[in-house]
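Below is one structure, written out as structure tokens, with a few remarks after it.
The values are calculated or read from the model by the stated rules, or taken from the named source; none is laboratory data. From a predicted model like this one, the values you see are computed outputs, not experimental measurements. All Cβ positions, even for glycine, are placed from backbone atoms using ideal geometry, and neighbour counts span all protein chains on display. Please note that ligands, DNA and RNA were not included when accessible areas were found on the heavy atoms of the full protein model with its side chains. Shrake-Rupley method; radii C 1.70, N 1.55, O 1.52, S 1.80 Å.
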Amino acid sequence: MQTVGAGVKEIRIRVENAYRVLYVAKFAEAVYVLHGFEKKTRRTPKADIDLAGKRYRQLLNERKKK
């Protein structure tokens, strides 16, 4: 999901409702889950994209400090 950050992927889950999990797996030591949510409309809400993007940037900043 390029709108969140480079390398961010999406898992789509459909049972009775639709769910999404945004994650990044481009680092050797772990898969980082950025955000999971129930999708209630066709379009992913901007608030969910923004939250995942914020967490992605925090992750990158933490990795730079090490």
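Observations on the structure shown:
- Filter result for LYS9 (within 8 Å of the chain's Cα centre (by Cα) and modelled with pLDDT of 90 or more): yes
- Options TYR56, TYR32: the member that is part of a helix (DSSP H, G or I), in contact (Cβ under 8 Å) with a residue 24 or more places away in the chain and crowded, with 16+ Cβ neighbours inside 10 Å: TYR56
- One residue stands out among those in the stretch 35-53 that are assigned to a loop (DSSP other than H, G, I, E, B) and among the β-branched types (Val, Ile, Thr): the one that is nearest to the chain's Cα centre (by Cα), which is THR44.
- Odd one out for PRO45, checked against (1) free of Cβ contacts under 8 Å to residues at least 24 places away in the same chain; (2) surrounded by 17 or more Cβ atoms within 10 Å (Cβ to Cβ): (2)
- In the stretch 1-20, the residues that are open to solvent by 60 Å² or more (accessible area, probe 1.4 Å) reach residues that are in a loop (DSSP other than H, G, I, E, B) with C-beta atoms within less than 8 angstrom, at least six apart or across chains, in these pairs: LYS9/MET1; ASN17/LYS40.
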